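The values are calculated or read from the model by the stated rules, or taken from the named source; none is laboratory data. Everything numeric in this text was worked out from a predicted model, so none of it was measured. Cβ placement follows ideal geometry from the backbone for every residue including glycine, while neighbour counts extend to all protein chains displayed. What goes into the accessible areas is simple: the full protein's heavy atoms, side chains included, and nothing from ligands, DNA or RNA. Shrake-Rupley method; radii C 1.70, N 1.55, O 1.52, S 1.80 Å.
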Amino acid sequence: MSKIPYNQVFEDVTIIDIAEEGKGVGKAGELVLFVEKAVPGDVADVQVYRSKKNFAEAKILTLKQASPHRIEPFCEHFGTCGGCKWQHMTYAAQLQFKQKSVADALTRLAKIDAGGMLPIIPSPADRYYRNKLEFTFSNKRWLYEGESREDENLNMNALGFHIPGRFDKILNINHCYLQADPSNAIRNRIDEFAKRDGYTYYDLRAHTGMLRNLIIRTSSTGELMVIVVFTFAEQDEVDKLMAFVEAEFPKITSLLYIINQKKNDTVFDQDVVAWKGPEYIYEEMEGIKFRIGPKSFYQTNSIQALRLYEITRDFADFKGDELVYDLYTGAGTIANFIAGHVREVVGVEYVPSAIEDAKINSNINHITNTKFFAGDMKDVLSAEFVAEHGQPDVIITDPPRAGMHPDVVARLMEIGVEKIVYVSCNAATQARDLLVLKEKYDTVKIQPVDMFPHTQHVENVVLLRIKS
């Protein structure tokens, strides 16, 4: 198929599905069209703006018939910001298409019958559900229609989110619906103060500027952490801004700052300075406390994280005497959550700092039947490791989006544990791994969970039982 000319128009295109990027999917003959801001059920005339050999990207010229799933987006930044790309679709429809995406992945890629999949569990809150947001300072603000760089009074500084596909452009955010108050107030007041007092914002290309990132973490216990990341600021400039934040928001539990002069934004290898309070806050699930530091991983939807872990525990159906391996344990959230229901949990994680968090979380809850080990999973999970720590009765695995390394999948096949509970944030890579595991395991239960409303992301829990 030859490439479609730029600006070509296709009339009366029916949108039949929605893609991960939030674009509607339609067809013109054999050509697949990904249409910006289109919703399944829409009928529209569309115009191509980018063409490849087998597909084209297009925008709506005329909406001929609106889908029954279409609603008015609630955020003024919709379509420019890279987040909440499904907010022009009813939440009920979002759940329907997330369920379909999981079923399609398991059926198409893993050749598994997904007909018995349980209905997706919706998020009780579809706004203000995140407990962590990270914003970026930039001296290259995204300009709105009608704004001109020639305007001498134009302030190009911004504090907000990256524009998709434009790594050095930041959208200045007025109000974000992802994190509850006082998140918006904190971000906006810091932005106002910094602009008023002449703080320079980070230039990603030139690697200059005083202010770099702002991270806000909230918790279900009511605690609040704020982290300001500076680049080349002098100490008196740091002190002045931190004092302002402390005075303006006295309810902040943990007020921290980091000096990061590297050319990337990662702060895992940077020192953290506590300006006010401890370097951590607490989350809580079923009476179990989890210490959350500035570098800790914790599921960003606290309410749904509890539901996810409950499902994991229920699928495992513990009797109380099991030895459990918790792979990709992170900060030991699942390991500590299930520890009271089993004989022992052995957790493995690649990131050493996360393992330290996992041990701390066991200690503060007086949990004594957990062990944690740091290292690359494909190297740690060896026959010698199993011989030393015991043949597990259940394996829980919750890998990153890339799924499990093929060597790890092979090791699971060799270990031959009775039950595997596979938690995934990417149904496609989960399906890839299940395609191998199905040779030895039956898929017993499938449970999608919506952690991130208005996005394409969906968690999925699968229970595998060894074939008899």
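Things worth noting here:
- With every protein chain in place, the chain: carbon and sulfur % of accessible area (1.4 Å): 51 percent
- What the stretch 117-199 shows is 50 Å² of accessible area per residue, with the surface traced by a 1.4 Å probe over protein heavy atoms.
- Ranking I446, I420, I227 by Cα position along the charge dipole of the chain, where only Lys, Arg, Asp and Glu carry charges on their C-beta atoms, puts I446 farthest toward the positive end.
- Magnitude of the charge dipole, the stretch 246-382, Cβ model with Lys/Arg +1 and Asp/Glu -1, debye to 20: 160 debye
- Surface per residue (accessible, 1.4 Å probe) for the stretch 367-465, Å²: 37 Å²
- Which of T90, T312 is most accessible, then next, and so on - probe 1.4 Å: T90, T312
- Once you reduce the stretch 160-207 and the stretch 50-74 to the center of their Cα atoms, the two points are 30 Å from each other.
- Placed amide H near W142: partners under 5 Å, 5+ positions off or other chain: I170, L171, N172
- Computed FRET value (nearest 0.05) for E284 with V436, which takes r as the C-beta separation and R₀ as 60 Å: 0.95
- Relative packing of 276-282, 98-104, which averages over residues the other C-beta atoms within 10 Å, highest first: 98-104, 276-282
- Residue separation of F193 and E418 scaled by 0.36 nm, minus their Cα-Cα distance, works out to 75.2 nm of gained length.
- Helix-only arithmetic for the chain: the sum of -39500 (n - 2.57) across DSSP H runs with n ≥ 4, divided by the residue total, places the mean residue ellipticity at 222 nm at -7500 deg cm²/dmol.
- Using R0 = 51 Å, the C-beta based FRET efficiency linking K378 and E30 works out to 0.80.
- FRET efficiency for I71 and N264, using Cβ-Cβ distance with R0 set to 30 Å, rounded to 0.05: 0.20
- Extending 7 Å from Cα along the Cβ direction at E248 and again at D151 yields two label points whose distance is 2.3 nm.
- Across the chain, Cα pairs under 8 Å and at least six residues apart give a relative contact order of 13 percent.
- Positive-end extreme of charge dipole, the chain - chosen from V380, V267, Q94 (charges on Cβ): Q94
- Of the chymotrypsin sites (Phe, Trp or Tyr not before Pro) in the stretch 95-196, those whose Cβ has at most 11 other Cβ within 10 Å and which sit in DSSP loop: Y144
- Label-point gap, in nm, between H405 and Y128 - each point 7 angstrom along Cα→Cβ: 4.4 nm
- Accessible area (Å², 1.4 Å probe, nearest 10) - E414: 120 Å²
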